[in-house]
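Trainee: Starting off with a structure, shown below.
The values are calculated or read from the model by the stated rules, or taken from the named source; none is laboratory data. A quick note: this is a predicted structure, and the numbers were derived from the prediction, not measured. Backbone-built Cβ (ideal geometry, glycine too); neighbour counts: all protein chains shown. Please note that ligands, DNA and RNA were not included when accessible areas were found on the heavy atoms of the full protein model with its side chains. Shrake-Rupley method; radii C 1.70, N 1.55, O 1.52, S 1.80 Å.
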Amino acid sequence: MNVKKIAKGPLVWVLLVVVLLWIGFAVFAGQGVKRIDTSQGLALLKGTTVERAVVVDGDQRVRLTLTEPFVDGKTDKGKVVEFFYVQPQGPDVVDAVSAASLAKGYDSEIARVSFLASMFSVLVPFLIIGVIFFFLMSRMQGGGSRVMGFGKSRAKLVGKESPQVTFADVAGADEAVEELHEIKEFLQEPAKFQAVGAKIPKGVLLYGPPGTGKTLLARAVAGEAGVPFYTISGSDFVEMFVGVGASRVRDLFQQAKENSPAIIFVDEIDAVGRHRGAGMGGGHDEREQTLNQLLVEMDGFDPKANVILIAATNRPDILDPALLRPGRFDRQVAVEAPDLKGREAILKVHARGKPIVEGIDLAMVAKRTPGFTGADLANVLNEAALLTARSGAHLIDDRALDEAIDRVIAGPQKRTRVMNTKEQKITAYHEGGHALVAAAMRYTDPVTKVTILPRGRALGYTMVLPTQDKYSTTRNELLDQIAYAMGGRVAEELVFHDPTTGASNDIEKATATARKMVTEYGMSERVGAIRLGSTDGEPFLGRDIGHQRDYSEAVAGTVDHEVRKLVDAAHDEAWEVLVEYRDVLDHLVLELLEKETLNEAELAEIFAPVVKRPPREVWLSSEQRTVSSRPPVLTDAEKAERGDAPIVPQDEGTGREEHPAETIGEVPDGGTPGGAVGNEVSE
C-alpha cells in the first residue's frame, strides 16, 4: 500500500469531513442528555428526586435535573434526563410540573437553534460540494498533488534510468535516421554548424503510416543525444478549460529553454495542430488557443538556444499550414513502410534474443511480407515466439513463422468451425477459381498459397505475392487483378450454376478497383484522363461527407457504364480461363479437399499445363492517337541479358518478360519459410 499516495489523495479530506460532521452532531445533539419514557418522567415529577424542570416549547420536551442518578433496570441514565410528550398531553405535563415540589423550581424555554449550529448547517453542504469538486478535479488532473496545477506542463523528462534506445535499434528507415543523426550532431557540436553559417531546423516533423517507427526514432534520438528529452502527447495539451493548453505549452518551452540544449517530442501532434476553423461547427477555442501558443513559441526561439521540437503524426494533411511553414517545421521526414532490405534488417533487430532454429533465412521471410511495417514484423516474430512456447518447443522454426505471418494478415485459424462436405467443395472451387485465373493472367504476381481452412472472417483464401517491391501498377495489372478477383464467383457459376454470397468481398474489391481506374487513374476512353470527385474537402466531416461530387448526372452515368464494362470484361476473361482449363480446376479442387492447403511448389505442379494469356490489345486513351512502333530503349545490361529477343511493350512496362521470374520459397515439411501472405486475400 502506498501510504504517501493515499495521504496526498482526496480520501484524507473525505475522512476529515466525516469526523467534523460526527463531532458537530455530538456537540449539538443535546450534550449527553439521556432520554427516558414519558411515563417515567411523570413518575419522577410525582416523587422527590427532581430538583429542577425545564419545559421546552416547540420540541415538546421536558428536561429534568435530579438529585441522584436515575437507574432504568441496569442502565444508569445519569442526573440529567429528558422526556417527550405529544400535544394532547401538554396540559397534564404542565400540571405535573406545577404540582411537583422542586427545590430549584421550573422554567419554560422556546426551542432556538444556536448560531454555531446554524452556521454549521449552512457550511456543511458547501463543504461537501467542495470535497466532491476536489475529488473530480484530482481525478482529471492525474492525482491530488496536481489539482491546482492546470497550467503546468505534463511532459515527461526521459532520464538516464529509462531503457535506452539507440539508432542501432532502428532499421528500415535509413533516410530518417540520417536526418535525425544530424540533429544529434548539432546538439553536441553546435559550433561546427554555426562556423559555416548553418542553422539547425527548429522543428522536425515525422509523418507516415501507423507502425512505421516514428516514436521509436524519437526514443533513439533521446538515447543518442545525451541531452534533456521532454516527451508529451498532443492530447495532453487539450483540457476542458480554455487557456490551460496554452499555459502548458508556455511552461513546457520554458523548462526546455532553462535546460537547453534540449529536445521536445510531441507525439500525435494532429490532436492539437489541426487546421484552424475546420469542422461542422467552426473552430475549437481551447485547441486553437493552444495551437496559437505553440506557433508563437516555435517562432520565438532564441536563435542561439539549442531547443529542437520533434513531432510525429499519421495525418500531415490535416495540420495547419502555419505549423508546417519553414521556420517552424523546417524539415519534414517521411517514415514509410520499409522495402525488402529494410524488412530484413528489421527482422534481424527483432530477432535478437529470440531462440531461432539455425539456418532460417530471414531474407525469405522479408520477401513474404511486402507492405509490412516495423510493428507488423515485430508482431510476426512475437506471434512465432508465442506459438513456439504454446507448443512446448524451445526454438522458433519455419512452421511457427509461417503460421505467425498468416495470423497477422488473416487472423487465427478457426479450428472449431466445421463445414459440411458441400460447403467445403464450394469453397474449394471458389478459391481454386481465384488461383487458376491468377495463374493464367499475363500480368499477375505468382500464386503462393491456397487454403480452404477458415481463418478470420474468410472461409478460405488465395495468396498472390509480388516477388519484389512495387510502387506503381499498370493498367494491365489492374485488369488482371479484377479478373482473378472475379475468378471465385465465375467458378461457382460455371460448376454449380448457383453462386453464393461468398463472393461479396471479391465483387466489392473488383468494383472499387474499376471505379478508381475510371475516376482517379484516367484509364477510361470515354471519361478521359481527368480526375472525378474531390477528396480535398474538410477532413473533419467524416469519410462520406468530406467527399464532393464535382460532376454532372450524365457523367456519373458514364462512369457507372465504364465501371460495369471493365468488370464485365474481367468476368468474361475469368470465364474463358476456367472453361479452357476445367480439368486443371477439378484437379486443384481434389488436391485442396485432400490436403486443405497447397503451397507454391504444389501449385506450380498443378498449373504446369496452364499457358499465360496473350497480351491484350493496345489501349489508347483516344482513337485519334496512333500507336508508336518504337520500343523503349535498352541499357547495356538489358542488352547483354536479353540479346536480340523482341519483347511486347506492355510486358516491358510491367516487367513480365518471358524468362522465369524469381520465386518465393514456402514451407514444405522441413523446408524454409516462403509463400508469404500476399496483397490480395480473397474470400
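Trainee: Hey, got the dipole for the stretch 283-432? About the Cα centre, +1 on K and R Cβ, -1 on D and E Cβ, debye to the nearest 20?
Mentor: The calculated dipole for the stretch 283-432 is roughly 680 debye.
Trainee: Need one number: nm distance between label points at Val610 and Val122, each 7 Å from Cα along Cα→Cβ, rounded to one decimal.
Mentor: Calculated label separation equals 9.0 nm.
Trainee: With the other protein chains left in place, how much accessible area per residue, in square angstrom, belongs to the stretch 51-133 at a 1.4 angstrom probe?
Mentor: Values: 5510 Å² over 83 residues.
With the other protein chains kept in place, the stretch 51-133 gives 66 Å² per residue.
Trainee: Per residue, how many Å² of accessible area does the stretch 307-448 show with a 1.4 Å probe?
Mentor: Heavy-atom SASA per residue in the stretch 307-448 reads 42 Å².
Trainee: Here is a further query. Residue separation times 0.36 nm, minus the C-alpha to C-alpha distance between Asn420 and Val579: what's the value? If you can, show how the numbers build up before the last one.
Mentor: Numbers: separation 159, 0.36 × 159 = 57.24 nm, distance 2.67 nm.
Gain on extension, Asn420 to Val579, equals 54.6 nm.
Trainee: Cut-off under 18 Å on the C-alpha distance; same-chain residues fewer than 8 positions from Lys354 excluded. Which aspartates and glutamates are left, in chain and number order?
Mentor: Excluding near neighbours in sequence, the set is Asp169, Glu344, Asp376, Glu383, Asp397, Asp398, Asp402, Glu403.
Trainee: Measure up Lys516/Lys565; Lys422/Lys509; Lys414/Lys595; Lys367/Lys449; Lys341/Lys470 against 20 Å on the Cα-Cα distance and list the ones that go over. Don't skip to the answer; put the middle values down first.
Mentor: On the way: Lys516/Lys565 14 Å; Lys422/Lys509 26 Å; Lys414/Lys595 17 Å; Lys367/Lys449 14 Å; Lys341/Lys470 14 Å.
Beyond 20 Å: Lys422/Lys509.
Trainee: Which of the peptides 72-80, 391-399 is most tightly packed, and how do the rest follow, judged by the mean count of other Cβ atoms within 10 Å per residue?
Mentor: 391-399, 72-80
Trainee: Output the peptides 286-294, 103-111 sorted from most to least packed, where packing is the average of other Cβ atoms within 10 Å over each peptide's residues.
Mentor: So the order, starting with the most tightly packed, is 286-294, 103-111.
Trainee: Using mean Cβ contacts within 10 Å as the protection proxy, how do 81-89, 223-231, 252-260, 458-466 order, highest first?
Mentor: 458-466, 223-231, 252-260, 81-89
Trainee: At R0 = 25 Å, how high is the FRET efficiency between Glu189 and Arg325 if r is their beta carbon distance? Nearest 0.05 is fine.
Mentor: The value I calculate is 0.35.
Trainee: Which of the aspartates and glutamates could a cross-linker bridge to Lys214, judged by Cα under 12 Å and excluding same-chain residues fewer than eight apart?
Mentor: Answer for Lys214, where 12 Å is the Cα cut-off: Asp267, Glu268, Glu336, listed by chain and number.
Trainee: Can you tell me which aspartates and glutamates have their Cα less than 12 Å from the Cα of Lys46? Leave out same-chain residues fewer than eight positions away.
Mentor: Qualifying aspartates and glutamates at Cα under 12 Å: Asp95.
Trainee: Tell me the label-point distance for the pair Lys348, Val33, using the 7 Å Cα-to-Cβ offset, in nm and rounded to one decimal.
Mentor: 9.2 nm
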